[in-house]
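Following: one structure in structure tokens, then a few remarks.
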Amino acid sequence: MPVSLDTIPLERIDGAAATLGDYAGKVLLIVNVASKCGLTPQYEGLEALYARYREQGLEVLGFPANDFKGQEPGSNEEIQAFCRGNFGVDFPMFSKISVLGEDKHPLYAALVEAHPDKVWAEGSGFRDKLSKAGLLGDDAEEVSWNFEKFLVDREGRVVGRFAPDVAPESPVLVEALEAALD
């Protein structure tokens, strides 16, 4: 039986204890983020989504992870300062975790198990670039890179998963998000 997402212990970026249960009844967009990645400008799009849909019940949740080429080397304090200072991030951020391997956080283990398939951006070539560089793991179900997105509906079900190259403003993501908010 799958683990209930809302009971998995989490830690906010300021060190406070949390769970997804704190966001009961909300639609969640859970994203593994990094400060030194070519996709880092997605913070701007994520913040725009949060501002646009927050009143309708959206929570964007950022989980810094240093699993891909050391692209999130900073401390929680440094990450928070970077996100606020460079992108005006106001959505909730959590303490740095691992989204891969033996030390994968239980939240990411549960998310991947609940929704093993992801949608890739059409025609971006990002998946091929990762593959050719030897950076796409053998397990297609695993998180592929920074800024992979999981969409969780108001009942706590993982209803969508979007590869890192699916931008926050991408129609496929926005449509799924709006459907979950209805």
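Quick notes on this one:
- Rounded FRET efficiency, nearest 0.05, which uses the C-beta distance separating Lys69 from Asp90 and R0 of 22 Å: 0.20
- For segment 3-39 versus segment 101-154, the gap between their alpha-carbon centres in whole angstrom: 17 Å
- DSSP-defined antiparallel bridges as percent of all bridges, the chain, nearest 5: 50 percent
- Each of Ile79, Gly156, Ala18 was placed along the dipole of the chain (beta-carbon charges, centred on the mean Cα), and the one lying farthest toward the positive end is Ile79.
- Taking Cβ atoms as reference points and 15 Å as the exclusive limit, the residues near Thr19 contribute a net charge of -2, counting Lys and Arg as +1 and Asp and Glu as -1.
- A simple count of charges around Asp117, restricted to other residues whose Cβ falls under 11 Å of its Cβ and scoring Lys, Arg +1 and Asp, Glu -1, yields +1.
- Neighbour counts of other Cβ atoms within 10 Å put Leu29, Leu58, Leu181 in the fewest-to-most order Leu181, Leu58, Leu29.
- For Val159, the residues 5 or more places off, or on other chains, whose built amide H falls under 5 Å of its own are Leu151, Val152, Asp153.
- Summed side-chain charge close to Tyr50 - residues other than Tyr50 whose Cβ falls under 15 Å, Lys, Arg +1, Asp, Glu -1: -2
- Normalised contact order of the chain, rounded percent, pairs of Cα under 8 Å and 6 or more residues apart: 28 percent
- The stretch between Leu135 and Glu77 holds 18.0 nm of extra length on full extension. This uses 0.36 nm per residue minus the Cα-Cα distance.
- Sites count as exposed loop sites when they are GluC sites (Glu not before Pro), lie in a DSSP loop, and have at most 12 other Cβ atoms within 10 angstrom; the longest stretch of the chain without one is 1-101.
- Cβ-derived FRET efficiency at R0 25 Å, Asp117 paired with Ser4, nearest 0.05: 0.75
- The phi-based Karplus calculation (6.51 cos²θ - 1.76 cosθ + 1.60; θ = phi - 60°) puts the 3J(HN,Hα) values of segment 149-156 at 10, 10, 9, 10, 7, 5, 8, x Hz, whole numbers, x for Gly and Pro.
- Vicinal HN-Hα couplings computed from phi for segment 7-21 (Karplus, 6.51 cos²θ - 1.76 cosθ + 1.60; Hz; Gly/Pro x): 10, 5, x, 10, 9, 5, 4, 8, x, 6, 6, 7, 8, 5, x
- Identified option (computed Kirkwood radius over Cα pairs in Å; candidates (1) 19.7; (2) 16.3; (3) 18.7): (2)
- Residues of segment 80-116 with an amide N closer than 16 Å to a point placed 7 Å from the Cα of Asp22 along the Cα-to-Cβ direction: 80, 90-97, 107.
- With neighbours defined as other Cβ atoms within 10 Å of a residue's Cβ, the residues Thr40, Thr19, Thr7 order from fewest to most as Thr7, Thr19, Thr40.
Where a number appears in this text, it was derived from the coordinates with a stated rule and is not lab data. Just so it is clear, the model here is predicted, and its values are computed rather than measured. Positions of Cβ are backbone-derived with ideal geometry, glycine not excepted, and every protein chain shown enters the neighbour counts.
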